[in-house]
Amino acid sequence: GENVEQHPSTLSVQEGDSAVIKCTYSDSASNYFPWYKQELGKGPQLIIDIRSNVGEKKDQRIAVTLNKTAKHFSLHITETQPEDSAVYFCAARPVNFGNEKLTFGTGTRLTIIP
Amino acid sequence: DAGITQSPRHKVTETGTPVTLRCHQTENHRYMYWYRQDPGHGLRLIHYSYGVKDTDKGEVSDGYSVSRSKTEDFLLTLESATSSQTSVYFCAISPLGAAYNSPLHFGNGTRLTVT
């Protein structure tokens, strides 16, 4: 089955700086890669996703890049703000399967230092 | 929170007792999922449902059972709770199965402690 590794497990950055979280996956059949943000006391919430036919996707201060050859994808947050402090999860699954085949990374706790 | 209510939000129970967690949705979504979240493991799928009375096992289903008698309710039962089942449990829903535009929407979780 799929194995998703996520690094780092914790990350602290100064407010206004950029943050990068990286994930690698093992199954070459995976081609859908979502990112979820989990705030304290709440459930994860989808913030951005990318499919394998796209190398990069941006949404305001958030971007995701995908390198299918190397089997890794990354989340980039620019101009970080205090409200970006949360736990972030990457995930991967094959396109012809449903969310029952979605494999999550172990999470990154991001802390924005004012 | 996409119309998902989990109950209870917190529960402490003793080893060997049965426990049922409830997930209620108001979105009329076909797919419902139960995950557990543990430090160092991320989110792991326990069971899922693809319709009324249609359920299947996930990655970590041992010791758990589920039932779905109505579209809006998905119950997770620990027949005889063990300390290893201490965790935060999340319910999730999605409208479609094997489709791109089918993200998971999560509830706010149930924190279960087995003493």
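Here, each number is a calculation from the coordinates, and none is a lab measurement. The structure displayed is predicted, hence computed values, not measured ones. Backbone-built Cβ (ideal geometry, glycine too); neighbour counts: all protein chains shown.
Dividing the Cα convex hull volume of chain A by residue count, how many Å³ per residue is that?
Cα convex hull per residue, to the nearest whole number: 95 Å³.
What net charge is computed for the residues neighbouring A:SER12, neighbours being all others with C-beta under 15 Å from the C-beta of A:SER12, Lys and Arg scored +1, Asp and Glu -1?
Computed value for this residue: -2.
What trypsin sites (Lys or Arg not before Pro) in region B:1-96 are in a loop by DSSP, with at most 12 other Cβ atoms within 10 Å of the Cβ?
Within region B:1-96, the qualifying trypsin sites (Lys or Arg not before Pro) (loop, at most 12 other Cβ atoms within 10 Å) are B:ARG9, B:LYS53.
How many nm separate the modelled label positions at A:HIS7 and B:THR17, each set 7 Å beyond the Cα in the direction of the Cβ?
Output for this residue pair reads 4.4 nm.
Need one number for chain B: average projected area of the convex hull over its C-alpha atoms, nm².
Answer in nm², one decimal: 6.7.
Shielding by partners for A:30-36, please: the mean number of other protein chain Cβ atoms within 10 Å of each residue's Cβ.
Averaged over the peptide's residues, the number is 2.
Evaluate E = 1/(1 + (r/R0)^6) for B:ASP73 and A:LEU40, where r is the Cβ-Cβ distance and R0 equals 22 Å; express this FRET efficiency to the nearest 0.05.
That pair, B:ASP73 with A:LEU40, gives E of 0.20.
Note down the relative contact order for region B:29-95 as a percent, whole number, built from C-alpha pairs under 8 angstrom at least six residues apart.
Reported relative contact order: 38 percent.
Give me the inter-chain shielding for B:27-40: mean count of other chain Cβ atoms within 10 Å, whole number please.
Averaged over the peptide's residues, the number is 2.
Provide Rg over Rh for region A:45-92; use the alpha carbon set for both Rg and the Kirkwood Rh (inverse mean inverse pair distance).
So for region A:45-92, dividing Rg by the Kirkwood Rh gives 0.97.
Using the Cα centre as the reference, give the magnitude of the dipole from point charges on the C-beta atoms of region A:18-114 (Lys, Arg: +1; Asp, Glu: -1; all else neutral), rounded to the nearest 20 debye.
The dipole magnitude comes to about 240 debye.
Report the local net charge at A:THR80: Lys and Arg +1, Asp and Glu -1, summed over other residues whose C-beta lies under 12 Å from its C-beta.
Overall, the nearby charge balance is -4.
Taking 0.36 nm per intervening residue step and subtracting the Cα-Cα distance, what contour gain separates A:VAL54 from A:GLU15 on full extension?
11.1 nm
Can you tell me the equivalent ellipsoid semi-axes for region A:17-57? Use √(5λ) from the Cα gyration tensor, largest first, whole Å.
Semi-axes from the Cα gyration tensor: 22, 14, 11 Å.
Averaging the inverse of every distinct alpha carbon separation and then flipping it gives the Kirkwood radius. What is it for the protein assembly as shown, in angstrom units?
Evaluated on the protein assembly as shown, it is 18.1 Å.
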